[in-house]
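The values are calculated or read from the model by the stated rules, or taken from the named source; none is laboratory data. Every value quoted in this text rests on a predicted model; they were computed, and no experiment measured them. Positions of Cβ are generated from backbone atoms using ideal geometry, with glycine treated the same way; all protein chains shown enter the neighbour counts.
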Amino acid sequence: MAEYIYGLNAVTEALVQQRGLTTVWVIAGEAKQRIQMVLELAQQHGVVVKQVPRLTLEQLVGDVGHQGVVAKLQPAGASVSLAAVLQAVPSGSRFFLILDGVTDPHNFGALIRSAAAAGCEAVIVAKDRSCPMTAVVEKAAAGAVAHVKICRVTNLVRAMEELKQAGVWIYGLAGEESSSIYSVDLSGDVALVAGSEGKGLRPLVRKGCDGIVSIPMPGAIQSLNVSVASGVALFEVVRQKLLQLKSLK
């Protein structure tokens, strides 16, 4: 089944990565430099280009902030197995983000983008009770989907056990915990677990973690959106890994 993606970053990155676009629609007569770049990339890769009125774009994807460009993507192999990911990534450089029940496509896209920016090898989600890959996710990820593997597993707790057997330490994020993320060693093989937007970590997922940590919040606000909190945590891992590399030189 084909899927539409939209937005300048998402479509440009999909063209650069040659992710199987079949058709690109742009607003007729649009002279913006980035639109012209999309047209040139599409022509280079043999993708059909159609210049159409704005109404046509809205008929394809709705009034969703498409930025004047929509593309048709034929998804193939969008998900990879956990075993394949572990085999491809050597011990000592394994870094994953696990999502327990994140269903909002904007949050999912933002989380994928943060994971890609932080250097995560994969985002691991359950096949059920999680957000599917949609045009909204692609737009929110702004092209990052091409740079991080998405691993959909049947049982999240079982996948966590598989990670632990491979030497990966797993830490869940929960705002009510007293253990600060800044006091935990995250410099080795590590996976962070973020819970759903409303309920957080499920009890069995929480129990399967090696530890539960929180982000200290000295201000008046004591909670963060899941994508924001995960971004902060991901880059604490990055900071610690960089410090470890520096100490080894």
Query raised in the report: Quick one: in region 128-139, which of the residues that are out of contact with any Pro (no Cβ under 6 Å at 6 or more places or on another chain) and buried (at least 21 other Cβ atoms within 10 Å of the Cβ) is nearest to Leu156 (Cα to Cα)?
Result: Met133
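Residues are listed down the side, and each one gets a yes or a no for (1) surrounded by 22 or more Cβ atoms within 10 Å (Cβ to Cβ); (2) acidic (Asp, Glu):
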site	(1), (2)
Gln87	no, no
Asp104	no, yes
Gly119	no, no
Ala126	no, no
Ala141	yes, no
Thr154	no, no
Glu162	no, yes
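Consider Lys139 carefully, then state whether it is assigned to a helix (DSSP H, G or I) and either touching a His at 6+ places or on another chain (Cβ under 9 Å) or not assigned by TED's automatic domain parsing to the domain that holds Arg113 (or both). Please lay out each step first, then the result.
On the way: assigned to a helix (DSSP H, G or I): yes; either touching a His at 6+ places or on another chain (Cβ under 9 Å) or not assigned by TED's automatic domain parsing to the domain that holds Arg113 (or both): yes.
Taking the combined requirement at face value, the residue satisfies it.
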**Report entry** Residues satisfying the stated conditions in region 118-152, i.e. among the aliphatic types (A, V, I, L, M), within 9 Å of the chain's Cα centre (by Cα) and closer than 21 Å to Val238 by Cα
**Finding:** Ala122, Val123, Ala141, Ala144, Val145, Val148, Ile150
Report task. Provide a single number: the residues in region 215-249 that are of a type in the set (Ser, Thr, Tyr), within 25 Å of the chain's Cα centre (by Cα) and exposed (fewer than 13 other Cβ atoms within 10 Å of the Cβ). Result -> 1
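Which residue, of Glu121, Glu177, Glu197, is more than 17 Å from Leu86 (Cα to Cα), outside the structural domain of Val69 (by TED's automatic domain parsing) and touching a helix residue (DSSP H, G or I) at 6+ places or on another chain (Cβ under 8 Å)?
On inspection, the qualifying residue turns out to be Glu197.
So if I check each of Gly195, Gly167, Gly211, Gly188, which one is surrounded by 19 or more Cβ atoms within 10 Å (Cβ to Cβ) and of a type in the set (Gly, Ala, Ser)? I'd like the intermediate steps shown before the answer.
On the way: Gly167 fails: surrounded by 19 or more Cβ atoms within 10 Å (Cβ to Cβ); Gly211 fails: surrounded by 19 or more Cβ atoms within 10 Å (Cβ to Cβ); Gly188 fails: surrounded by 19 or more Cβ atoms within 10 Å (Cβ to Cβ).
The conditions single out Gly195.
Return the residue satisfying two criteria in turn: it lies in region 162-189 and is in contact with a Lys or Arg (Cβ under 7 Å, 6 or more places away or on another chain) and aliphatic (A, V, I, L, M), and of such residues it is nearest to Lys207 (Cα to Cα).
Step one: of region 162-189, the residues in contact with a Lys or Arg (Cβ under 7 Å, 6 or more places away or on another chain) are 168, 170, 172, 187, 189.
This time we only want the ones that are aliphatic (A, V, I, L, M), so: 168, 170.
On the way: Val168: 16, Ile170: 11 Å.
Restricting to residues being in contact with a Lys or Arg (Cβ under 7 Å, 6 or more places away or on another chain) and aliphatic (A, V, I, L, M), the top hit is Ile170.
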Report summary line: Here the qualifying pairs (Cβ atoms under 8 Å; residues six or more apart or on different chains; first in region 157-185 and under 22 Å from Val226 (Cα atoms); second part of a loop (DSSP other than H, G, I, E, B) and among the β-branched types (Val, Ile, Thr)) come out as Tyr171/Val184; Leu173/Ile215; Gly175/Ile215; Ser180/Ile215; Ile181/Ile215
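Name the residue that is nearest to Glu121 (Cα to Cα), counting only residues in region 191-229 that are of a type in the set (D, E, K, R) and at pLDDT 90 or above. Can you show your working first?
The first filter runs over region 191-229 and keeps only residues of a type in the set (D, E, K, R), leaving 197, 199, 202, 206-207, 210.
Filter once more, keeping what is at pLDDT 90 or above: 202, 206-207, 210.
Numbers: Arg202: 24, Arg206: 22, Lys207: 24, Asp210: 20 Å.
Step by step, filter region 191-229, then rank; the result is Asp210.
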Report summary line: Of the residues in region 143-152, those that are crowded, with 18+ Cβ neighbours inside 10 Å and over 18 Å from Thr103 (Cβ atoms) number 4
Report summary line: Restricted to region 106-117 and to residues being crowded, with 24+ Cβ neighbours inside 10 Å and among the aliphatic types (A, V, I, L, M), the residue nearest to Lys241 (Cα to Cα) is Ala115
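When you scan region 210-229, do you find a residue that is under 30 Å from Ala135 (Cβ atoms), part of a strand (DSSP E or B) and of a type outside the set (S, T, N, Q), even just one? Working first, answer last.
Step one: filter region 210-229 for residues under 30 Å from Ala135 (Cβ atoms), giving 223-229.
Filter once more, so that each one left must be part of a strand (DSSP E or B): none.
No, every residue in region 210-229 fails to be under 30 Å from Ala135 (Cβ atoms), part of a strand (DSSP E or B) and of a type outside the set (S, T, N, Q).
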